[in-house]
Every structure is written in structure tokens, then in C-alpha cells.
Amino acid sequence: MPTFRVAGKMYVTVPDDRTSFAVRCPKLERAELIAAEPEKFWVPPHEASSAWVRVRLAALEDLEELHDILVDSWRQAAPDRLAEQHPDLRPGAGGPR
């Protein structure tokens, strides 16, 4: 399973079937995301106690949404000092070019 890290902390994993990916997500926000868009966001039973959410690739609206989700997870894992050095890496900052 491919994983992506910043400063040694994982912020994205891609399961072997590659139809979804998992990102960091505070549990309160996760519940709201799943309730609002269950076709897009979900948590498998074995990850219920974690602060991660799965995202179905086919359900994403566009590359900007993918960008925002990945950047949000990166910012949760990155040390504050590193995140401050990259103000362009924030959700809604223009997305992919």
C-alpha cells in the first residue's frame, strides 16, 4: 500500500485496489463529511477509532477537490513551521495548475 509522508508523518495512504485513498481527518469533521456525502467519504470498520477517512476517487468532483483534500491532510501532518513556509499549500488556494 503506497503511503505519503511529511516530516515522517503519514498523511495519505492508497489501498491496493486504488479506487480510494485515506487522509487524516478529525473525527468530528469526519462524521459530518460522511453524513453529507456518504457516496464519497467512508470509514471501514477496522479504522473506526482512527482520525482518518477514506475518499472514493470516482466520486470526486474535480482536481481542485482532490487538491483541497490532499492539502488539508498534509497541513494536519506537517509541522507548523513547515506549513507556515508554504502558505500556497492550503485548501482553496487555487488547486492544481
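The values are calculated or read from the model by the stated rules, or taken from the named source; none is laboratory data. No experiment lies behind these values; they were computed from the predicted model shown. Cβ sites come from the backbone with ideal geometry, for glycine too, and all protein chains shown count toward neighbours.
Considering the range 1-46, and only residues there that are outside any strand (DSSP E or B) and under 11 Å from the mean Cα position of the chain (by Cα), the residue that is surrounded by the most Cβ atoms within 10 Å (Cβ to Cβ) turns out to be CYS25. Taking the listed residues ASP68, ASP88, ASP72, the one that is part of a loop (DSSP other than H, G, I, E, B), farther than 18 Å from PRO2 by Cβ and acidic (Asp, Glu) is ASP88, with no other qualifying.
It is to be established whether one or more residues within the range 64-82 are exposed (fewer than 12 other Cβ atoms within 10 Å of the Cβ) and touching a residue at least 12 places away in the same chain (Cβ under 8 Å). Scanning the range 64-82, I find no residue that is exposed (fewer than 12 other Cβ atoms within 10 Å of the Cβ) and touching a residue at least 12 places away in the same chain (Cβ under 8 Å), so the answer is no. Among the residues of the range 28-45, the ones that are under 19 Å from ASP62 (Cα atoms) and among the hydrophobic types (A, V, I, L, M, F, W, C) come to 5 in all. Condition check for ALA59 on (1) at pLDDT 95 or above; (2) touching a helix residue (DSSP H, G or I) at 6+ places or on another chain (Cβ under 9 Å); (3) surrounded by fewer than 19 Cβ atoms within 10 Å (Cβ to Cβ): one failure, at (2).
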